[in-house]
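Read the structure below first, then the notes.
The values are calculated or read from the model by the stated rules, or taken from the named source; none is laboratory data. For clarity, every value in this text was computed on a predicted model and none was experimentally measured. A quick note on method: Cβ atoms are made from the backbone with ideal geometry, for glycine too, and the neighbour counts reach across all protein chains shown. The area values use the complete protein model at the heavy-atom level, side chains included, leaving out ligands, DNA and RNA. Shrake-Rupley method; radii C 1.70, N 1.55, O 1.52, S 1.80 Å.
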Amino acid sequence: MYLDFKLANDRPAYIQVKDYMKRLMTTGALQADQKLPSTRELSALFRVGRNTVLSAYADLEDEGYIYAVKGQGHFVSPSISGASAQPEGKRLDWGPRLNEYARLAEANDLMKHGIRADKGSISFTSIAPDEKLFDLPNVKRAFLDRMSLEGDILLNYGYAKGYKPLIDYLLRYMENKGVNIQGKDMLITSGFTEGLSLVLSALNQGHGRILCENPTHHTAIKNFKMHGYAITGVEMEQDGISLTGLARELSERSYDMAYLVPSYHNPTGIVMSHQKRLEALRLLNEHEIPVIEDGFNEELRYSGSHIAPLVACAGVENNGVIYLGSFSKILFPGLRVGWVLADKTLIHYLESVKRARSIHTSTLDQSLLFQYLYNGNFEKYLKRAKAEYKRKYELAIRCCEEWIPMERLSGDGGLHLFVEFGPDFRTRELLEACSAQGVVFTPGDIFYTDGGGQHTMRLGFSRVSDENIEKGIRIIGETARKLV
C-alpha cells in the first residue's frame, strides 16, 4: 500500500495526496477506524514535504474522512464505507428500459455511427469554423471586461429568457437585417439545436407531419424523428425549394409546420432567391403553417447582394415565422449561445419550457458573447474570416471542377460544397475507396428525407489546409473516375 502514489505536475501536491487517500478509504483499502501513517511517515513514503501531508490531513478531517485522537494520530472515520462493506446487488439490464426517444437519438448519432477519420487523414466532414482564426486576444479582453463589471452576477443563476444586454443587442442585430420586431420577442438558447428542440416540444402535433427541403440538415431530421414527426421533403432547385413541389405537397396533405434553410442551405449551399422566399411564405401562410427558419451560415456571403431572411420578408402581419439564430458557424462553437426570434406569445411559453428543462443558458457564455459583440470585434473578425473562407471556397471549387467527374456542383457561400454525380453512382463506395487512401467526406444520403441522395456528397473545407484541399479533392476525383 502507498507504493503506487505518483506525484504529477498539474495540480497542488497536497490535493493529490488528499485525493489518493480518499480513494484508499472509499474503495475499502483503508477500513473504518484504521490508523493512518503519521505525517512524517507519509511524507517520507510519498517523497513530499511534511507540510503537504499536514494540509492533506487537515482537509480530510474537515471533509469528514478522518478524525484525530490527541497523542495517537489520525484514523479513518467510521462512516466511510468502502467497497468491501458494500452489499452485493442485482445488475440491471438497461437495454429494455430505454424508450424510443433514446433509441432514435443513438441510432442517428453521427459521432457514433458516422464517418471516422483516422489520425492524419484529410477530412472534409466538418463544417465548423477554423479555430486558427479565433480572435483569442479580444475574447480574453471581453471576458475580463465583463467580469470586472458584474462577475458576481454572472456566476449566479440567470434568467430563462436570457441575458438582457445580449437580447437587446441581438434584437438590434435582427433589425439591421430588415426584421420588423414589432410584436416579436427573443429567447436565448444553448445553440441552434436546443432552440429547435424547444419549438418542437412546445407546438401541437395535430397532423404529425413536417415539411422541409430535400435534402436538409441532418440534425433537424434527427430531431423531427425523435419528436415523432413524419417528414416530407420537397425537391431543391438551383435557387431553392421547388415552388411547384411545395404547392403540390400543400394541396395533398396537411402539415403542422415547415422547416427551411434559405441561406447557404445545409447541405447544398444554395441561397433561396428573394422572389422564391416571398412566394414560399405566401403559400405556407395561406395554409396557416408556421415556418421554422434556420439562419444557418447567413453571414458567410462571398458575392452577390444581401437577401433578407424569411422573418424579414414576412412583414408585420405574418407572424408565423420562427427564426433560429446562432453564431456557431461564424464565431465560436464552444460558446453554446443561440436565439429564437418569434411572436411574443410563443416566446412567452418557450421561456417556461426552457426554465423547466435547463433553467437558463450559461450567463457567463452569454455575457462574454455580448461584450465581444459590444466591443466591436465581431465586424473585424467577420471580415478576416470571410476573406479566408472565400479563398478556400474558391480553391475548393477550382479543384472540384478540375478533378471530380460530377454532374452538378452547388454552394453559393458558407463552409461547404455539395457534389452530385450521375444517378447510378454510389458515394458510399467512393468513401470506402477514398478512406483507404486517407481521405474522408460526408456521403449525401444522410441529408435526404426519403432515402435518396446515394449519388451525392458534402465537402466541408473550413478546417482543411490549402495543400490538403488540393490533395484530397484530387484523390476523390481520381478514385471517382475509376469507379465511373
Report summary line: Under 5 Å from the placed amide H of Tyr2, counting only residues 5+ away or on other chains, we find none
Query raised in the report: By how many degrees, 0 to 90 and rounded to 10, does the Cα axis of helix 344-358 deviate from the longest principal axis of the chain?
Result: 30
Query raised in the report: Which loop trypsin sites (Lys or Arg not before Pro) in segment 43-131, with loop taken from DSSP, have no more than 12 other Cβ atoms within 10 angstrom of their Cβ?
Result: Arg47, Lys70, Lys90, Arg91, Arg116, Lys119
Report task. Give the cross-link partners of Lys383 among the aspartates and glutamates, using a straight C-alpha distance below 16 Å as the criterion and excluding same-chain residues fewer than 8 apart. Result -> Asp130, Glu131, Asp135, Glu298, Glu299
Report task. Starting from the Cα of Lys161, draw a straight line to each of the lysines and keep only those under 25 Å, dropping any in the same chain fewer than 8 residues away. Result -> Lys177, Lys184, Lys329, Lys344, Lys354
Report task. Could you tell me the accessible area of Asp33 in Å² (1.4 Å probe, neighbours in place), rounded to the nearest ten? Result -> 80
Report task. Would you work out if segment 273-419 is rounded, prolate or oblate? Take a ≥ b ≥ c from the square roots of the eigenvalues of the alpha-carbon gyration tensor; rounded if a/c is under 1.5, else prolate when a/b is larger than b/c, oblate otherwise. Result -> oblate
Query - Loop-located GluC sites (Glu not before Pro) in segment 287-376, at most 13 other Cβ atoms within 10 Å (DSSP) - result: Glu288, Glu317
Requested in this report: For Thr219, Thr479, Thr193, give the ranking by accessible area with the largest first, probe 1.4 Å.
Outcome: Thr193, Thr219, Thr479
Report summary line: Helix 274-286 sits off the longest principal axis of the Cα atoms of the chain, rounded to the nearest 10 on a 0 to 90 degree scale, by 80
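Taking the highest mean first, how do the peptides 122-130, 362-370, 154-162 order by number of other beta carbon atoms within 10 angstrom per residue?
Answer by packing, highest mean first, reads 362-370, 122-130, 154-162.
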Query raised in the report: Once label points are set 7 Å from the Cα along Cα→Cβ at both Asn318 and Leu92, what is their separation, rounded to one decimal in nm?
Result: 4.9
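Quick check: with the 1.4 Å probe, what order do His455, His265 take by accessible area, largest first?
Final ranking, largest accessible area leading: His455, His265.
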Report summary line: Residue-normalised value, i.e. accessible area per residue, for segment 253-352 at 1.4 Å probe, in Å², stands at 34
Requested in this report: Give the distance, in whole Å, between the Cα centre of segment 177-210 and the Cα centre of segment 407-452.
Outcome: 30
Query raised in the report: Counting other Cβ atoms within 10 Å of each Cβ, which GluC sites (Glu not before Pro) in segment 399-449 have at most 15 and sit in a DSSP loop?
Result: Glu407
Report summary line: Taking the dipole of the chain about the Cα centre (Lys, Arg +1; Asp, Glu -1; charges at Cβ), the one of Tyr264, Ile292, Thr361 that reaches farthest to the positive side is Thr361
Requested in this report: Please express the Cα-Cα pair-distance distribution P(r) of segment 13-80 as a list of whole percents, one per 5 Å bin, running from 0 to the bin with the greatest distance.
Outcome: 4, 19, 31, 28, 15, 3
Query raised in the report: Of the accessible area of the chain, with the probe set at 1.4 angstrom, what percent is carbon plus sulfur?
Result: 49
**Report entry** Dipole in debye (nearest 20) - the chain, about Cα centre, beta carbon charges: Lys, Arg +1; Asp, Glu -1
**Finding:** 1360
Query raised in the report: From the list [x] 23.2, 71; [y] 28.0, 91; [z] 24.6, 85, can you say which value of Rg and Dmax of the Cα atoms in Å was derived from the structure given?
Result: [y]
**Report entry** Separation of alpha-carbon centers, segment 295-346 and segment 350-386, rounded to whole Å
**Finding:** 14
Query raised in the report: Accessible area of Tyr65, 1.4 Å probe, to the nearest 10 Å²?
Result: 50
Query - Solvent-accessible heavy-atom area per residue, rounded to whole Å², over segment 13-80 at 1.4 Å - result: 52
